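> Dropping the structure in here first, questions after.
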Amino acid sequence: MSRPQRSLRKIFTIYCEGDTEYHYINHMRKNQGVELSLKPVNMKGGGYLNFLDHVKSDAKNNCLAKFIIVDADKARDDLGERKNLKLLIDYCSLQNKKGAIPHFLILDSPDFEYVACLHDPNYKNQDTERYIRTVFGFQSLETFKKYEKIYEFLNSDGRSYKDMIGKTKAGECIIRQRYTISKKRFDVRIIQTQYDPEKYWTRGSNIFEFFDVIDW
């Protein structure tokens, strides 16, 4: 009798800050063929160090990769926070060099709201808050951040995450990771992390890496 094949589970763990990211990924995972374990992190009062402590203390390892999704705005405005973010970058790089579960750092510059606007093919790098109010039709930025069906909104009426992926992939990034994916062996490896602190004042994101890896 042949041995029954073991069913491998495709699980990815996501650490994220902010209501917008949480609501977006929470609704997005319902439309994916993979399991996304979502872990919101409160950065208030601790900044990037709160994020680092949270990732370090979470020993859950039954996943293919971990994604740490953060905004770059605090690092742009505060030299101390930029140093703290570098500690987070170094920690993720160390885990990857050790051959541990891949730690993908996704850095949205200046923030996820900019990434949200990139879903709209008509968005041409205008001021994000004004665009969210005048074009998207939200009363305020806070209303937009708290809107639970943000994923559905950003993927309707001609807007799409595919537009966002194309724009971010072609744009500037503070962080880029070189990685390999073996779907047959369920294996993801990060080969190199490229970090360019000179790009803190550019607008961009490497969030396309997140979509590339989970698109199984």
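> Any residue that is within 23 Å of Ile165 (Cα to Cα) and out of contact with any helix residue (DSSP H, G or I) (no Cβ under 7 Å at 6 or more places or on another chain) - is there at least one of those in the stretch 41-61? If you could, list the steps in order and put the result at the bottom.
Step one: of the stretch 41-61, the residues within 23 Å of Ile165 (Cα to Cα) are none.
Scanning the stretch 41-61, I find no residue that is within 23 Å of Ile165 (Cα to Cα) and out of contact with any helix residue (DSSP H, G or I) (no Cβ under 7 Å at 6 or more places or on another chain), so the answer is no.
> Does the stretch 96-155 hold any residues that are under 28 Å from Arg189 (Cα atoms) and β-branched (Val, Ile, Thr), and which are they?
Once the filter is applied, which keeps residues that are under 28 Å from Arg189 (Cα atoms) and β-branched (Val, Ile, Thr), the stretch 96-155 yields Ile101, Ile106, Val115.
> Another question, if that's okay. Taking Tyr151 as meeting all but one of (1) of a type in the set (Ser, Thr, Tyr); (2) crowded, with 19+ Cβ neighbours inside 10 Å; (3) out of contact with any Lys or Arg (no Cβ under 9 Å at 6 or more places or on another chain); (4) over 17 Å from Gly204 (Cβ atoms), write down the number of the exception.
For Tyr151, the exception is condition (3).
> From the list Phe136, Phe144, Phe104, exactly one residue is in a strand (DSSP E or B) and modelled with pLDDT of 95 or more. Which is it? Walk me through how you get there before you give the answer.
On the way: Phe136 fails: in a strand (DSSP E or B); Phe144 fails: in a strand (DSSP E or B).
Criteria check complete, one pass: Phe104.
> Shifting gears a bit: Evaluate the following for Leu141: is it touching a residue at least 12 places away in the same chain (Cβ under 8 Å) and within 18 Å of the chain's Cα centre (by Cα)? Outline the logic, then answer.
Values: touching a residue at least 12 places away in the same chain (Cβ under 8 Å): yes; within 18 Å of the chain's Cα centre (by Cα): no.
Spelling it out, it is not the case that Leu141 is touching a residue at least 12 places away in the same chain (Cβ under 8 Å) and within 18 Å of the chain's Cα centre (by Cα).
> Tally up the residues in the stretch 102-127 that are over 18 Å from the mean Cα position of the chain (by Cα) and either surrounded by fewer than 13 Cβ atoms within 10 Å (Cβ to Cβ) or among the polar types (S, T, N, Q) (or both), please.
Residues of the stretch 102-127 over 18 Å from the mean Cα position of the chain (by Cα): 120-127.
Right, trim to either surrounded by fewer than 13 Cβ atoms within 10 Å (Cβ to Cβ) or among the polar types (S, T, N, Q) (or both) and you get 122, 124-127.
The number of residues fulfilling the criteria is 5.
> Across the stretch 107-128, which residue is farthest from Gly47 (Cα to Cα) among those that are outside any loop (DSSP other than H, G, I, E, B) and in contact (Cβ under 8 Å) with a residue 24 or more places away in the chain? Step through it out loud before you land on a result.
Filtering the stretch 107-128 down to residues outside any loop (DSSP other than H, G, I, E, B) leaves 107-109, 112-117, 128.
Remaining after also requiring in contact (Cβ under 8 Å) with a residue 24 or more places away in the chain: 107-109, 112-116.
Working: Leu107: 14, Asp108: 15, Ser109: 16, Phe112: 16, Glu113: 18, Tyr114: 20, Val115: 20, Ala116: 22 Å.
Applying the filter and picking the extreme gives Ala116.
> Out of all the residues in the stretch 154-175, which are surrounded by 14 or more Cβ atoms within 10 Å (Cβ to Cβ) and among the polar types (S, T, N, Q)?
Step one: of the stretch 154-175, the residues surrounded by 14 or more Cβ atoms within 10 Å (Cβ to Cβ) are 154-155, 159-161, 163-169, 171-175.
Matches in the stretch 154-175: Asn155, Ser160, Thr168.
> Out of all the residues in the stretch 147-159, which are out of contact with any helix residue (DSSP H, G or I) (no Cβ under 8 Å at 6 or more places or on another chain), part of a loop (DSSP other than H, G, I, E, B) and of a type outside the set (Ser, Thr, Tyr)? Reasoning before the result, please.
So in the stretch 147-159, the residues out of contact with any helix residue (DSSP H, G or I) (no Cβ under 8 Å at 6 or more places or on another chain) come out as 153, 156-158.
Among the residues that remain, those that are also part of a loop (DSSP other than H, G, I, E, B) are: 156-158.
Asp157, Gly158, listed by residue number.
> Gly99 passes all but one of (1) of a type outside the set (Ser, Thr, Tyr); (2) modelled with pLDDT under 90; (3) crowded, with 21+ Cβ neighbours inside 10 Å; which number fails?
Exception for Gly99: condition (3).
> I've got another one for you. Could you tell me which of the residues Asp78, Asp58, Asp19, Asp73 is of a type in the set (Asp, Glu), surrounded by 13 or more Cβ atoms within 10 Å (Cβ to Cβ) and touching a residue at least 60 places away in the same chain (Cβ under 8 Å)? Please lay out each step first, then the result.
Details: Asp78 fails: touching a residue at least 60 places away in the same chain (Cβ under 8 Å); Asp58 fails: touching a residue at least 60 places away in the same chain (Cβ under 8 Å); Asp73 fails: touching a residue at least 60 places away in the same chain (Cβ under 8 Å).
When all the criteria are applied, what remains is Asp19.
> How many residues are out of contact with any Leu (no Cβ under 6 Å at 6 or more places or on another chain), of a type in the set (Gly, Ala, Ser) and modelled with pLDDT of 90 or more when one looks only at the stretch 49-78?
1
The values are calculated or read from the model by the stated rules, or taken from the named source; none is laboratory data. The structure presented is a predicted model; accordingly, all values stated were derived computationally and were not measured. Note: ideal-geometry Cβ built from the backbone for every residue, glycine included; neighbour counts use all protein chains shown.
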